[in-house]
Structures are given as structure tokens and as C-alpha cells.
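Worksheet: the structure to be examined is printed underneath.
The values are calculated or read from the model by the stated rules, or taken from the named source; none is laboratory data. No experiment lies behind these values; they were computed from the predicted model shown. No Cβ is skipped: glycine too gets one built from the backbone with ideal geometry, and neighbour counts run over all protein chains shown. Each accessible area value is taken on the protein alone, full model and side chains, heavy atoms only, with ligands, DNA and RNA left out. Shrake-Rupley method; radii C 1.70, N 1.55, O 1.52, S 1.80 Å.
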Amino acid sequence: ANSYMAQVEPYEKVLVLSEINGLVTKVNRDFEYNYSAKKRVIVKVEKRVEEIELKGLKSSLKFAKKAYALKEDNFQRKNNVRQISQYEKNLEESSLYEVESQMAEMKKSINLLKYKISKKIFLVNKKYIDKIYVREGDYVDVGSKIMDVYDVSKLKIELFVRAKEIEGL
């Protein structure tokens, strides 16, 4: 019987890089060089500043919505009165659009902050975690290495065969 050498490799290797910058607050080293069967937080980056900003923006948006409702009510009332000039009606409509524009800008900022916060938590689900490059207290920048992760749901096998034996396989 002939014997062959083979090498089994993971289906995919992923080098996880940081999309954000910040101070690393938590590193779960228990999963380094281990398989994570369920969703686990491996690395966390400081996010308090963004959460404070998010809370402030949400509060501002709430007040902007109330201001918009009042201005819309004023506009509807003035629009129905014939004695008010078109210029004054246009001014009221313009202020309504200003508040609407501010609200759209706030919503955009809120969504950007939520996205930024979501990128500060590194989760792994059904993957093999190889090396974790960061430690608690490290400062990560955009593009910093966080960890190596392997997808072992499928495997690749490389079989080493002599050239003469290829035809018979």
C-alpha cells in the first residue's frame, strides 16, 4: 500500500483589523487558540465618549421634533389666513425646512455614531481564534491588527503525491 502526505488547512483565514481607533478595555484571552461555538465578545474598545454623544444627539432630536411640530402647526394656521402676506408665509415655511434639515443631520449623526459604536466590539461566532494581537490598555488605530480568525466549517486538504502516481489516482 502506498502512503501519501496531506496537509489540512482551514477554508478561510481572516486577519481582523480595526476600523476605528480607541483604547482597548477588554480582551477575552480564554478564547485565544480555541474554537468559539457561539457568539462571543473577544475584544472591546472604549466607547463611553460616543455613547455620551449619542445620548445628547437623541435628546436634541427629540426637542427638534417638538419644535418642528410647533412650526408646522404655525405654518398651517398662517397658510389658511388670507390677510397674511405670501412673504411671511414663505418665511414660516422656510423655518420649517430649516428644522427639518437639522433633524435629518441629527439622524445622520446618530446613525454614524451607532455604526462607530458597533465597530468597537469584536465578536466571533463559530470560528477558530488563533492569535490575539492586542492587550487591555493598548491603543488601537485604524488598520491595527486585532486577531487572526479561521473559518473551519469547511477544510481544504492538500495531498502530496509523486508525479508518477498522479495518473493512477
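Some observations on this one:
- Note on region 1-87: Cα convex hull, mean projected area over all directions, 14.4 nm².
- Just the protein heavy atoms count here, and of the accessible area of region 27-84 at 1.4 Å, carbon and sulfur take up 50 percent.
- Take the Cβ atoms of ILE166 and LYS13, set R0 to 45 Å, and the FRET efficiency comes out at 0.95.
- Kirkwood hydrodynamic radius over Cα pairs of the chain, then Stokes diffusion coefficient at 20 °C and 1.002 mPa s, in µm²/s: 101
- Per the Debye calculation on region 96-135 with a single equal scatterer at every Cα and no solvent contribution, log₁₀ I(q)/I(0) for q = 0.14, 0.15, 0.24 Å⁻¹ amounts to -0.54, -0.57, -0.85.
- Residues with amide H under 5 Å from that of LYS127, placed H, sequence gap 5 or more: SER36
- Protein heavy-atom accessible surface, 1.4 Å probe, per residue over the chain: 71 Å².
- Bridgeable aspartates and glutamates around LYS26 (alpha carbons under 20 Å apart, same-chain partners fewer than 8 residues away excluded): GLU46, GLU50, GLU51, ASP130, GLU136, ASP138, ASP141, ASP148.
- Placing dummy labels 7 Å off each Cα toward the beta-carbon, the span from GLU53 to GLU136 is 2.6 nm.
- Peptide ranges 18-25, 69-76 listed from the most packed, as the mean C-beta count within 10 angstrom indicates: 18-25, 69-76
- Most fluctuating residue given options ASP151, ASP130, ASP30, as computed from a GNM of the chain linking Cα atoms under 10 Å: ASP30
- Using a cutoff of 8 angstrom between alpha carbon atoms and counting only pairs six or more residues apart, the relative contact order for the chain works out to 49 percent.
- Cross-link table LYS58/LYS126; LYS65/LYS119; LYS127/LYS156, entries beyond 23 Å C-alpha to C-alpha: LYS58/LYS126; LYS65/LYS119
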